[in-house]
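Let me give you the structure first, and then I'll get to my questions.
Any read-out appearing in this document is the output of simple, stated calculations on the displayed coordinates, not a laboratory observation. Computed from a prediction, not measured in an experiment: that's the story for all the values here. Reconstructed Cβ throughout: ideal geometry from the backbone, glycine too, with neighbour counts over all protein chains shown.
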Amino acid sequence: MAQLDVRQKLEILADAAKYDASCASSGTAKRNSSDGKGLGSTEGMGICHAYAPDGRCISLLKILLTNSCIFDCHYCINRKSSNVRRARFTAKEVVDLTISFYKRNYIEGLFLSSGIIRSSDYTMEQMVEVARSLREDHDFRGYIHLKTIPDADPALIEAAGRHADRISINVELPTASGLKRLAPEKSEARIEGAMTGIKGAILDGKDAARRYKSAPRFAPAGQSTQMIVGADAATDGDIIHRASGLYDRFTLRRVYYSAFSPIPDASAVLPLKRPPLMREHRLYQSDWLMRFYDYRADEVAAAADDTGMLPLDIDPKLAWALKHRDRFPVDVNRAPREALLRVPGLGVRAVNNILVSRKWRRLRLDDLKRLTVSLSKIRPFIVAEDWRPLLLSDRAELKPLVAPVAKPDQMELFAA
Ligand code: SF4
């Protein structure tokens, strides 16, 4: 590997990390250094936004420890057979960068992932050393997200969870057959085994924290995972069911969806074109419906067309409503919360506002105008004191009336 200075390494390893979508700092324990002790905070506001070159997660320093890897996953730019420029940080270099960027208010935390060097255990040891040194040598109290390696010794994953706020393992592809074809050195059984171990450690940590104030914490922001969308033949329906299963079995905080990007010198088994970015967006919306709107996976998947794909021109909630017209209109003065949450255009906050307001008066369109974001979007789907729409089943032309006007495609700044 060529001798590079830290700035050159940073250029390579921050760029290489942009393919990883899984880095949100929500949900961790509150911790700060406002008492003059230690350094950093997980609750900072106004902390500046700086690093990742693709515009995502820019308040975390998001880097790889190295982009060298002994594995050869077809979809990955860092795979063994890839022709990219390689670089590798030492653990100390990552620690020093994090501290210096934090002190300059460039970042509020660290997201660290890595290719696999020498062995899974060796790589994991290096990553744990970064987190250990930040916490123990520098008393760093900012956010740390470590991407862990499923094959690593469970004791190392346990050490990672003691220092990090969030840990994650990528399931990589929505189906076992896709994983076998595109990442032959990885195994669904090993990935899920490691996720089971992390789930157990998180639950044990929470249980211990309830009983002993001084109990060590384990990944208080939980575990997350990521799936690549569009590199294999999995449909949106497959992805929705897989995500739902992962939430149920591993108590995940988040599943992230990352639209596959064609990479330089791509393997011949990969598609030549990336899927539309809107597909990734629709999957995030369907994920939202399952987590906050009480939709079951089979209900969200029912919004898909005959090929199992969600429509790109309308959101999955509207698509579901148009396929289930018999469930509408919903009376905003009488319907239960679950039915209100199904109304396209009504968010959780608006539903909560409606439930509170209707205790005192029967709601009219004017009231709903104040309580919701878009009256025109919800009107065809609701009944109010002074409003009743035509029956939806009578309106064959409803979709053009409620679908948003298509916007021209945004060119991508960082297209590969
Ligand atoms: S193990 Fe990770 S870094 Fe290595 S080739 Fe596979 S996806 Fe890329």
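Size of the dipole of the chain about the Cα centre, Lys and Arg at +1 and Asp and Glu at -1 on the beta carbon, nothing else charged, in debye to 20?
Approximately 1280 debye in magnitude.
I've got another one for you. Based on the alpha carbon coordinates of the range 89-164, what radius of gyration and maximum Cα-Cα distance (Dmax) apply, in Å?
11.9, 36
Nearest 10 degrees, 0 to 90: what angle lies between the long axis of helix 120-132 and the longest principal axis of the chain (Cα atoms)?
It works out to around 80 degrees.
Work out the charge dipole of the range 319-402 with +1 on the Cβ of Lys and Arg and -1 on the Cβ of Asp and Glu about the Cα centre, then indicate which of ILE354, PRO389, ASN333 is farthest towards its positive end.
Of the listed residues, the answer is ILE354.
Now for a separate question. Counting other C-beta atoms within 10 Å, which of ILE117, ILE144 has the fewest, and how do the rest follow?
Ordered from fewest to most neighbouring Cβ atoms within 10 Å, ILE117, ILE144 come out as ILE117, ILE144.
If you take the alpha carbon radius of gyration of the range 282-386 and divide it by 2.2 N^0.38 Å, what ratio comes out, to two decimals?
In units of the 2.2 N^0.38 Å rule of thumb, it is 1.07.
Starting with the highest mean, order 194-206, 62-74 by the number of other Cβ atoms within 10 Å, averaged over the residues of each peptide.
Final packing ranking: 62-74, 194-206.
Then there's this: Please give, to one decimal in nm, the separation of the simple spin-label points placed at ASP139 and THR196, each 7 Å out from Cα toward the Cβ.
4.2
How far apart, in nm, are the 7 Å Cα→Cβ label points at ARG327 and VAL348?
In this crude spin-label approximation the distance works out to 1.8 nm.
With +1 on each Lys and Arg Cβ and -1 on each Asp and Glu Cβ, how big is the dipole of the range 57-166 about its Cα centre, in debye rounded to the nearest 20?
Here the range 57-166 has a charge dipole of around 480 debye.
Using the alpha-carbon atoms, what tilt in degrees (0 to 90, nearest 10) does helix 236-250 show relative to the longest principal axis of the chain?
On a 0 to 90 degree scale, this one is about 60.
Which Cα, out of TYR212, PHE101, ALA194, lies furthest along the positive dipole direction of the chain (beta carbon charges, K/R +1, D/E -1)?
TYR212
When a/c reaches 1.5 or more, the comparison of a/b and b/c decides; with that in mind, is the range 59-189 rounded, prolate or oblate per its Cα gyration tensor?
Here the range 59-189 falls in the prolate category.
First select every other residue whose beta carbon is under 13 angstrom from the beta carbon of LEU340; then total the charges, Lys and Arg +1, Asp and Glu -1.
Residues near LEU340 contribute +4 overall.
Please give the FRET efficiency for ASP313 paired with LYS213, using the beta carbon to beta carbon distance and R0 = 51 Å, rounded to the nearest 0.05.
It comes out at approximately 0.45.
Give me the one-decimal nm value for the distance between modelled label points at ALA189 and LYS206, 7 Å along each residue's Cα-to-Cβ direction.
2.9
Using alpha carbons only, what's the Rg to Rh ratio of the range 138-204 with Rh from Kirkwood?
1.04
Just the Kirkwood number for the chain, please: inverse of mean 1/r across all distinct Cα pairs, in Å, one decimal.
Roughly 23.4 Å, rounded to one decimal.
What is the angle, in °, between the Cα long axis of helix 154-163 and the longest principal axis of the Cα atoms in the chain? Nearest 10 is fine, range 0 to 90.
Result, in degrees: 70.
Residue by residue through the range 282-289, which ³J(HN,Hα) values in whole Hz follow from phi under the Karplus form 6.51 cos²θ - 1.76 cosθ + 1.60 (θ = phi - 60°), with glycine and proline marked x?
4, 5, 4, 5, 5, 4, 4, 4
Using a simple charge model, +1 on the beta-carbon of Lys and Arg, -1 on the beta-carbon of Asp and Glu, nothing else, what dipole does the range 233-326 show about its Cα centre, in debye to the nearest 20?
Here the size comes out at about 280 debye.
If the limit is 22 Å between Cα atoms, which of LYS273/LYS399; LYS323/LYS369; LYS9/LYS199; LYS9/LYS103; LYS147/LYS199 go over it?
LYS273/LYS399; LYS323/LYS369; LYS9/LYS199
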